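Have a look at the structure below before the remarks.
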Amino acid sequence: MTATRRPRSPLAALVDERLTGAACAGMAPFFDAEHDEIREDPDDREFRHAAAIRVCGQCRVQVACSDAAAEQDKPQGVWGATVYPAPARPVGRPPRKENAA
């Protein structure tokens, strides 16, 4: 029986060669912090993050993924089975600017 190799993801290689073959390839909705910014039910968010973390737990590049997250200024989303939340958005309207006359 021959081992099946996962095809190399061009995007993973473009972003970071260490993440080639990541189990999360093509599963962005589970991992992206952009989804944290929508009005998502907290239980749905927790379920989504738990699903992402399960994928990470079986990934051969989990350690490299954690290293890649640590090298970023402000990682967001799920990286190497760790949830990095999106930065909090300010509440309310931005302050009104005075018109210079």
**Asked** Across region 1-20, what is the total count of residues that are buried (at least 17 other Cβ atoms within 10 Å of the Cβ) and at pLDDT 60 or above?
**Response** 2
**Prompt:** Which of the residues spanning region 50-101 are among the polar types (S, T, N, Q) and either modelled with pLDDT of 80 or more or in contact with a Leu (Cβ under 7 Å, 6 or more places away or on another chain) (or both)?
**Reply:** Gln58, Gln62, Ser66, Gln72, Gln76, Thr82
**Request:** Out of the residues in region 34-52 that are surrounded by fewer than 17 Cβ atoms within 10 Å (Cβ to Cβ) and of a type in the set (A, V, I, L, M), state the one that is nearest to Pro87 (Cα to Cα).
**Result:** Ile38
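The values are calculated or read from the model by the stated rules, or taken from the named source; none is laboratory data. Everything numeric here is computed off the predicted structure, so don't read it as measured data. Virtual Cβ from ideal backbone geometry, glycine too; neighbours counted across all protein chains shown.
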